[in-house]
Each structure stands twice: as structure tokens, then as C-alpha cells.
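To start, the structure itself, in C-alpha cells.
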């Protein structure tokens, strides 16, 4: 019975619906899957964005008698300090006064500030006070923001001894790590130091202790710049001959001149990078040089040739290692090691006072009678292509080097993002794994495919496939907790075995040929003989190696190794990785080789054998040359697998990012690095994006490897299509 | 013998050696895992060592090794962490005067401080022996504990109801009275709970270690107790099975180094099921599209190559993709739209089982697509053309003819995908797996399936206790057992897939059509 026209129509509609569902979902899935690369690339792209956006908000209004101005972290308010001791908090947008306070009735004549919120103010009498001034933001009940000034007097210093209205060249106060307030004043070449500390006496009362010290600079010529570090550990004084005196203030009972640095150029400004372990020196010819401590000596690490004209001022950001230089003609925002400009600024010529806000995202600038505010958008100043691929001279290192070190316990730590140790680690692990796996897998596959009995082939193929699905976490666990202690214990036996077994093999083979007259031409059961000889050799080695160990290596082979060759042995090393990672990639290379060999037409093989070639000749002269590309594809895919393997490397190496090729120490690969670092990386921070960049590199690398292998395989398939 | 022939022989032998090496390595791997894990539940005797310096040590022998001076030393598990602070000690064999296996030594598994080896005393000396009495009291305590647990659940329910009222911020009288009634109920129940706790805490037993130190132990802390030196072989087998059962169904204790792994297995299974739900329909649809509907142009060829190449991309790359796309991308948006009141605490904007399973499904999608397409293409063209010629529509042909024939092949692909997903750990590390999840992803509280929850996973469990456990030596056996379990699951799935595929191959050999 034929279906009615209604039914046919219904069927057609259903067919249409089905088709549409399949096509749309198919296309959507394909697009989604292909979007993987795009979505990880998208995260890392902002790293390459140039840091230009600097908004300029200018206040054309006239302010008089202002000494200091600073903005808050959110860039919503700012406060000013006037000569008559008033602090005024104002809204940045509408200039509304939010809070006001008077901190001193005596007129202030000088202000110094090296870090946001901390202000040093001097009065006419040369007495001075040290303040912490900040603003707090809170949400009121009507959920509007409320701001308040928070002012704290930290220290009060008496007038300088023998002060007679001379000109004070440099005057500043800091708090050191032991909560001692230190004021340093420089008059001519005399350095006056005033210490203030609050201690508890034996009655439990607070007692104020103060002390005056005086030292004299040995510099000749004119003093051009001075700077007391933020943690009050060092005082730098420079002259116009390019000499910098480095006074060590860490031990206040023994203040001494550590050494004098020669730069041979006219110095115009000195400051330190955030963290106080590198010195920034600006010269009158527009150059800026950075020096860092290495073994108690200042070592030049970078010089910046900015075209700003004579450097007038250098101000570091207290968020990271970036700093602002203000020159005669223009200003630049630079980063310590990236050696590239973050952004050029067109700041006004006449600057009286300039200050960063607390998180280094904006500056407030005081001119003769106006204030301006500048906001930077430089989220990843520490990143540049040269920072991840070039040798970089980091603070406190003796020479430029490739270093990956993304975090530390300190705030003033500089992240180091060199990919080179990770790439070396990845290649090292893969290489050693390949050395172990490649010969075994290819020769093993040749044996099974060409010489083994049929029943063996039938068992081995699925066994290898099951081997391929063994979770890498299981292999990694065994490698780390079982294999690596074993290798450490029996390293000598293992090395000995590598010599003993080939010797045994060759000698027994030679004996066999010499004395056996007729041996069967058929192959296929050899492995049944090999395994016992393996075990025999193993027993022999375990018997011999303790004796060797005792008589030649003083009972401790690893110690002997490090003593004679200087090789450092780590328990989780490249040997362990070689076995574990090799084991993980043997199945894939085995299967691919087997597949390639099987694709060779049987008739051609039969023809070769019929012409009188033996099996081995047929294999090496006929089969291998034509299937080599397929085996090579297996090698490439295995390589890609090994380079991306995460868990084994994560578990069985020490994960230390080093650039050594030694088999006795570990490595950190790109893949393991991602697994280690991503959980702790702040969302959309530099580390987060750098890790995504490394994932993109890994993706592209493995994808193109697979592509090459795929093309080779399809060529091979076409060649022998029946 | 000719040179040629001996050369041939030599090379063949070299290939044979390579092959044997592979066999040996696989064998060793399996041998090591099995031998290290199979004895974990077997009860070993506790031995009493009398040392030269008049000290007595009670412990289970773990292994014997030679020390630096070539003298034998023994590693003992002495347990009693609350008395000794560590689980294992080494003693030199020549210090031992005498060893014995006293019958009255007990092994007590506790929920705190690990095992206890030593003597048990009851303060009240009753006529019945210790074992029977302790057994009776243990039963009683268990009943009380179950009662207490019920009350706790009730309390939790009331608490969430009160919280709900609080967040609504409704000040009407009706709501207020409702709240006070809840609070009253809460007070009554918590009193009851307190009473029960006191009752439970009255059940105590005195434990005494071999050195003579005594301590009171709450019976509610006892999980199991037995006297290992007086067990018969049959008892040991029963104990073995009992422990195995507890291991598979119990909850972990002591930072996962003791107790069972039920939530871990459960998390793994839920993860794999969710992954399958996301992955299979789309994988199947895509494969049908590629093999039946897509025109075979250069673009589709390119897509096909790209999809199959994605199977070789490292899993950690998928993990990082899942983190940015699912967790922070989609999860973050969901939080902003629907869970704004909880911010800045993330609900979906942090790793969880949903995101982990989605990541895994993207990871296995290429595998499924390639395998399914291969299976669909292996259906002989003649069959398809027959169906079309008989008047069936294209969709009917696909659903009723092609898919049923290709089904074993498709299922093989599915099973291989599950096997891969079950063993994959790297992407989970960053998309929501945790060392110890407070609750299961599926449970009795509304809405029953909690996709935002973090979860535990067998592979991660192995990684975690092998590397982050405070007591590596003590947790070693449990890692081996977990590894064996994971291997068994994966190998079982994989062999099943292989058997299925072989059957399919036999069934549809080309000459039969």
C-alpha cells in the first residue's frame, strides 16, 4: 500500500527538520571546537597591546601656596597640603571639598616625599615633622561613597644643631624596619642624622629616645643629588664628577661609607627602584643607568638612552619596577628590565612637585599655579617579547640570564617570565623519552609485524592499545614514588646493565652462530628466549654491582659521581622521565609503525622474497624505504604527545625551571608549568596572560606537528591504495 | 652459515630484544601495582619485640633492609600516633632478643590518630569478655550516632529556612512569627542534640600501649577493632572482604590517607556521565553531518584534518581553555546575572563539576567525532543505496539503517572516550577538582544535582595523596590501591571496546555482502 500524500508530506517535513538539526549542530560544534585556539589566544593578546592610553585631567583652577598633591588609589579624590599647614581632600571630578584638616599652625616651607602617603615637612626653624596622610573610602547607608582624611603624625624632629639659616641641600625622613624614624639633612658636605625611637622602659611606659649623629661626605666638587632609600638602609650622595657615595645605615650604631661608585659623568638625579635593591642614576646628558647589588657591590645592569634631555627627576612607581623620568625636554615612563619605553609623556616644563598614587596607576603634578593629574593604562609593564625570549639582567643577579620565577613571598619581588628554561625543559624531557622509546617501539613493532607468529600478533595489538590508555597519573605516580628511589639506589647497577646485556647478547649470538650447524629459518619465538636472558643478566648485575660499589666507588656511587665529575644528582631526574614518558609514548609509536608496515602490499613483499632476498633484506631494502614516511609520522605524533604530557612530568620531576641538559637533574616543561602556576595566577594578571601565551605556543606546536604527520600519512595511504 | 644469514638472524634478534623489553616493562608495571596493593587489606600479625635495652615494641613488620654496615634492619609500623607522634620506626635486627605474637593484643581502627595497637581495658570489670562487650557498646553508640545525624540534618534545614527569611528582608508580622517558631524549633532540637552528644561521650574504653601509657578512647571514635594474632584464615578472608567493602563505600579520613574512597569514585562517575551527556549527542550529530550531509570540498577536508589533529593537542591546553572560557567567561557571566547577591563569592565563577565535565567533553569531542565518522563510513554503500531506492527518506535511512549497523563502532568510540576521560587529570587540576569536597555533587537536598560544586576524582586523588600528603609512607598502600582501581576501570572499558570492535569487524566483512 502506498503512503498517502499527507504522510509523504509529513515524512518530507521530518526529513527536513532532521537535516537542519544535524547540519546546524554539526557546524556549531565544529566552530566551537575550532574556537579553542582563538579563545586562549584572546586572553594572551592584551599583553601585546601598547601601553598608551594616558588620560589627562587638568585643573585649570588657581591654587595658591600649595606644596604637595596626591591622588587616591581609585583615582576619585586628591588631597593638597598648603604652606599654612592645611590638608584639603577634594573630589577629582567636581572639585567639591570633601574633608579638611589643619596639621600645623607653623608655616611649612619644605616638603619631601619618597613614597605615597608619607610626607616630610620642614618649618622655618629647621624643625620637622613626618606624617602619614591618606584618605579612606566607605559606603554610606544611601550607598553613596564617603571620603575621609586620615592623618597620623609619625615623628617629630627638633631643629638641626648649629642651624643658622644655611641652605639645606637635601632633607628627608624615613622609618626603618626596626621602627626607628631617621631624618637625614645635608648642609654643604655635612650630613646630620637624627634618630627617634619609641621604646618601652622597664616600668612599661613609653619612652622617647633620640640621638643626633653627624658625618661628613668625602666627595669633592659640587654635590648634585642625594637620596635616602625608602627603608632607610642606605644614603646615596653624588657629585658633578660622577661619583656616588654609598652610606650603609642598616646598623645605626655603625654608620659607615660602604664604597664609592664611579660613573664619570655628571649626575643630576638619584633614586631607587621599588624594593630598594637597585639604584637609578640620571645624568645631565639624558642617560639613565641602573645599578643593582650583587655580593655587596653595585653592578650596572641596564642603561636607558632616553631622548629627554638632562634628567631632572626620577620617580619610581611603588607597585612594580617601573619608573618615570622627567627630563629637560620630555618625560618617559620606563620599566627596569623590559628595556623598552612604556609610554612617552608630554609633561609641563616647570614642575614643583610630582607624586605617584599608591598603586602606581596615576600621577599628580604640581606646577607654579596649577595641578594636573595623569592616569596610565599600563597593565603589563613587565612583559615584552625580549623579556620572555632574551637573556635579562635581573636585580641582584651577577649576569643576564634566562629565568622563570613567577612569584615570591615579597611585595617588591620582580616576576621573571623567561620561556627559555621551560622550552629547554620540554625539549629535554621529550628528547630523553624519545631516546628510550623510539628504538624500542619501532624495532618492537617491526618484530611483531614481520617476524612474530600470527597468534602473538593477535594478542599484542590489543595489549598495546590497552597500554595506550593507562592513565598518565598512574605512570607518573609509579615513576615518582617507586622508580625514582629505585634508580637512585641502583644507579650503578643500571649503568652496568647497559654494558653487560649487549656484551652478553653479542657474545652468546657469536657462540650460537659458531657452534650451531642447522638452525631453523623460521622466526617468531625468539622473545621466549630473550626474557630469561634479561633476568639472568639482571641477577648477575645485582650480584656484581655491590662489589664494584665497594671497591671502586667507596660505597656511594652518587657521591663519587658528584665528586669526580661535579654532577649533581637529583632523585627526580631526566632518567626517570626518560623511562616514564617513554613508556607513555611507546604505544602510539608502536601502533603507527605497525600500521605503516601493514599498509605495505603483501604481493610486493612476496615478490621480493621470491626473487631470493631474505626476510631482513626484504624489510630493509623494500619495505622500510617505502614505509619510512609512515614511521616518521609515528615519531612526530609521539613527539607531540611527549611534549604536551603534563601529569608524568609534574609528578616525576622536581619541577625546577633550570637550563641544564644533564640527565641527573630535573626540568620544568611548559605543560607542567601551566598546571603548577595557573591555580595561583590572579585572573587577568600578567602571569595569567603569560601562561596563556605559553599554552598558545604549545597548541600551535603540537597542532602543526600533528598536521605534518597527518599529511605524511595521507600521502602514504594514497600511494598504496589498491 | 653465510654472512647474510647470520646478519639477518642478528638483526631479527635485536628486534626481538626490543619487543621483549616492552613486554617486560608492561609486565613489571602491572606486577608492581598488583603486589603493592593486593595485600593492603590483608590482616598481618602484630609482633612484640623485646629489645636489648629492655624496651618493648609492638608493631607490624613492613620490610627488611640492609643498613650502611650491612646489618639487617626492620621497618615497623607502630601506629599509635597520639602516643608516639610517628607511624614508622626502624630497628636493627641484632638489638632484638625475642619476638612473640601475643593473643591479647588488639588493633583498633580509629577516626582520629590512625590505628591503635595495644591492650584494651574496661573500667567496670564485668563477666563477659572484652570483645563481646565492646561489640555491644559499639552497636549502641552507632544507633545514637545515627539519631544525632538525623537531628543535625533537621537543624541544617531549619537554618537554611531562617537564612532565607533573613535575606528576604520582609518585616511583616506573619514572617516574623514564622521566624520565631523556627527559632524555637531550632532551640529544642539543638538541646536534644547536646543531650545525645553527652550520652555518646559517656561510652569510653581505656587503651594502653605497650610501654604502659594509658588513655581514654571514646567508643564513637572506633571504626573497627580486632585481635589480629588470634584470627583464623577464614576470619582473615572475611575481614579482607569487609575492609575492601568499607574502602569502596566509605568516606575518606585523615586527609584522605585512610578510610574509604566512595565520594572519589562517585565524583569520577558523575564527571564521566556528565561529560558523556554533553559530548555524545553533539559528537554524533557532527559525525553524521560530516559523513552524510557535508559536501566533500576542500573546506570540509580541512575541517576534518583540523578536528582529528585536535585529538593530539595536550590536555592541559584544554584545561586552560576551560578555565578562561567556561569558568571565568560563562561562569562569571552567570554569577553576574543570577547570583549577584553572593558576589564577590563566586557560585559558578569558580571551578566546579559542570565546567570540568564540559572541558573534558571538548577534549574528547575530536576522538568521538573521528571514531563515529569512521564507523558511519564503514557501512557499505550498497546498504544505504538499497534503503534509499526502497523509498526511505535520507533521515529514515540514517536513523533506521546506517546508525544501527554502525552502532558497535560508534559505541566503541564512546567507550574509548570514557576511558580517556576517566584517566585524564591535568585539565581537572585547574577546572574544579579538590582534595576534599564537603558535599557530593548529587545528594538529597534540593535541587539534587549541584553542578556548581567542586568534586573529588580518582586520578587527582592519586596525585594528591602521593605528593601532598603529610605522611607519605603511611599513605603509600592506599595510593597503590587507588591506582589499581583506576587501572582496572580503564582497562575494563578499553577491553570491552576492543571486543566490541572485533565482533563488528567479523560481522561486516566486505565479502559477506
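Things to note:
- If you filter region A:395-454 down to residues that are touching a strand residue (DSSP E or B) at 6+ places or on another chain (Cβ under 8 Å) and surrounded by fewer than 17 Cβ atoms within 10 Å (Cβ to Cβ), you find that the one that is farthest from the other protein chains (Cβ to nearest Cβ) is A:398.
- Residue within region B:289-304 that is in contact (Cβ under 8 Å) with a residue 24 or more places away in the chain and either within 7 Å of chain A (Cβ to nearest Cβ) or not in a helix (DSSP H, G or I) (or both) present: yes
- Beta carbons closer than 6 Å, at least 6 apart along the sequence or on distinct chains, pair a first residue in region A:598-609 that is buried (at least 16 other Cβ atoms within 10 Å of the Cβ) with a second that is not in a helix (DSSP H, G or I) for A:599/A:720.
- Residue within region A:652-671 that is within 8 Å of chain B (Cβ to nearest Cβ), out of contact with any strand residue (DSSP E or B) (no Cβ under 8 Å at 6 or more places or on another chain), at pLDDT 90 or above and crowded, with 16+ Cβ neighbours inside 10 Å present: yes
- Scanning region B:248-302 for residues that are in contact with a helix residue (DSSP H, G or I) (Cβ under 8 Å, 6 or more places away or on another chain) and farther than 24 Å from residue B:428 by Cα yields B:284, B:285, B:286, B:287, B:288, B:289, B:290, B:291, B:292, B:293, B:294, B:300.
- Selected residue [farther than 30 Å from residue A:643 by Cα and surrounded by fewer than 17 Cβ atoms within 10 Å (Cβ to Cβ)] from A:557, A:540, A:553: A:540
- Residue match in region B:75-86 (condition: touching a residue at least 40 places away in the same chain (Cβ under 8 Å) and within 14 Å of chain A (Cβ to nearest Cβ)): no
- Criterion violated by residue B:213 - all others in (1) touching a helix residue (DSSP H, G or I) at 6+ places or on another chain (Cβ under 6 Å); (2) surrounded by 14 or more Cβ atoms within 10 Å (Cβ to Cβ); (3) more than 17 Å from residue B:482 (Cβ to Cβ) satisfied: (2)
- Residue B:403 meets the stated requirement of being within 14 Å of chain A (Cβ to nearest Cβ) and either surrounded by fewer than 20 Cβ atoms within 10 Å (Cβ to Cβ) or more than 30 Å from residue A:584 (Cα to Cα) (or both).
- Residue within region A:660-674 that is under 23 Å from residue B:431 (Cα atoms), touching a helix residue (DSSP H, G or I) at 6+ places or on another chain (Cβ under 6 Å) and not in a helix (DSSP H, G or I) present: yes
- Remark: residue B:22 falls outside the filter, which requires a residue to be touching a residue at least 12 places away in the same chain (Cβ under 8 Å), within 10 Å of another protein chain (Cβ to nearest Cβ) and crowded, with 16+ Cβ neighbours inside 10 Å.
- The set of residues from region B:189-208 being part of a loop (DSSP other than H, G, I, E, B) and within 34 Å of the chain's Cα centre (by Cα) comprises just one member, B:203.
- Residue within region B:483-492 that is crowded, with 17+ Cβ neighbours inside 10 Å, without any contact (Cβ under 8 Å) to a residue 60 or more places away in the chain, within 30 Å of residue B:76 (Cα to Cα) and touching a helix residue (DSSP H, G or I) at 6+ places or on another chain (Cβ under 9 Å) present: no
- For region A:673-710, a residue qualifies if it is facing chain B (nearest Cβ under 7 Å), under 28 Å from residue B:435 (Cα atoms) and surrounded by fewer than 19 Cβ atoms within 10 Å (Cβ to Cβ), and the qualifying residues are A:679, A:683.
- Test: residue A:508 is surrounded by 14 or more Cβ atoms within 10 Å (Cβ to Cβ), assigned to a helix (DSSP H, G or I), more than 47 Å from the chain's Cα centre (by Cα) and within 12 Å of chain B (Cβ to nearest Cβ): no
So that you can scan it fast, the table gives a plain yes or no per residue for (1) in contact with a strand residue (DSSP E or B) (Cβ under 8 Å, 6 or more places away or on another chain); (2) assigned to a helix (DSSP H, G or I); (3) away from chain B (no Cβ under 12 Å); (4) within 28 Å of residue A:454 (Cα to Cα):
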site: A:527; (1), (2), (3), (4): no, yes, no, yes
site: A:544; (1), (2), (3), (4): no, yes, yes, no
site: A:561; (1), (2), (3), (4): no, yes, yes, no
site: A:571; (1), (2), (3), (4): no, no, yes, no
site: A:606; (1), (2), (3), (4): no, yes, yes, yes
site: A:613; (1), (2), (3), (4): no, no, no, yes
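- Hey, residue B:341 surrounded by fewer than 19 Cβ atoms within 10 Å (Cβ to Cβ) and touching a helix residue (DSSP H, G or I) at 6+ places or on another chain (Cβ under 9 Å) or not: yes
Yes/no per residue for (1) within 11 Å of chain A (Cβ to nearest Cβ); (2) modelled with pLDDT of 80 or more; (3) surrounded by fewer than 24 Cβ atoms within 10 Å (Cβ to Cβ):
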{"residue": "B:411", "(1), (2), (3)": "no, yes, yes"}
{"residue": "B:424", "(1), (2), (3)": "yes, yes, no"}
{"residue": "B:445", "(1), (2), (3)": "no, no, yes"}
{"residue": "B:512", "(1), (2), (3)": "no, no, yes"}
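- Taking the criterion of being under 15 Å from residue B:11 (Cα atoms) and surrounded by fewer than 16 Cβ atoms within 10 Å (Cβ to Cβ), the residues of region A:610-623 that qualify are A:620, A:621.
- With respect to the conditions (1) under 30 Å from residue A:645 (Cα atoms); (2) within 14 Å of chain A (Cβ to nearest Cβ); (3) surrounded by fewer than 22 Cβ atoms within 10 Å (Cβ to Cβ); (4) in contact (Cβ under 8 Å) with a residue 60 or more places away in the chain, residue B:430 lacks only one, and its number is (3).
- Against the test of being within 12 Å of chain A (Cβ to nearest Cβ), in contact with a helix residue (DSSP H, G or I) (Cβ under 8 Å, 6 or more places away or on another chain) and over 21 Å from residue B:367 (Cα atoms), the options B:417, B:437, B:392 yield a single qualifying residue, B:392.
- Exactly one residue among B:312, B:319 is facing chain A (nearest Cβ under 10 Å) and assigned to a helix (DSSP H, G or I), and that residue is B:319.
- Taking the criterion of being in contact (Cβ under 8 Å) with a residue 24 or more places away in the chain and facing chain A (nearest Cβ under 8 Å), the residues of region B:461-475 that qualify are B:462, B:463.
- Any hit, region B:43-52, residues being farther than 22 Å from residue B:208 by Cβ, in contact with a helix residue (DSSP H, G or I) (Cβ under 9 Å, 6 or more places away or on another chain) and facing chain A (nearest Cβ under 9 Å): no
Residue-wise test of (1) outside any loop (DSSP other than H, G, I, E, B); (2) over 30 Å from residue A:478 (Cβ atoms); (3) in contact with a strand residue (DSSP E or B) (Cβ under 6 Å, 6 or more places away or on another chain).
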residue: B:439; (1), (2), (3): no, yes, no
residue: B:460; (1), (2), (3): yes, no, yes
residue: B:466; (1), (2), (3): yes, no, no
residue: B:482; (1), (2), (3): yes, no, no
residue: B:486; (1), (2), (3): yes, no, no
residue: B:495; (1), (2), (3): yes, no, no
residue: B:506; (1), (2), (3): yes, yes, no
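The values are calculated or read from the model by the stated rules, or taken from the named source; none is laboratory data. Please read all numbers here as calculations on a predicted model, not as lab measurements. A quick note on method: Cβ atoms are made from the backbone with ideal geometry, for glycine too, and the neighbour counts reach across all protein chains shown.
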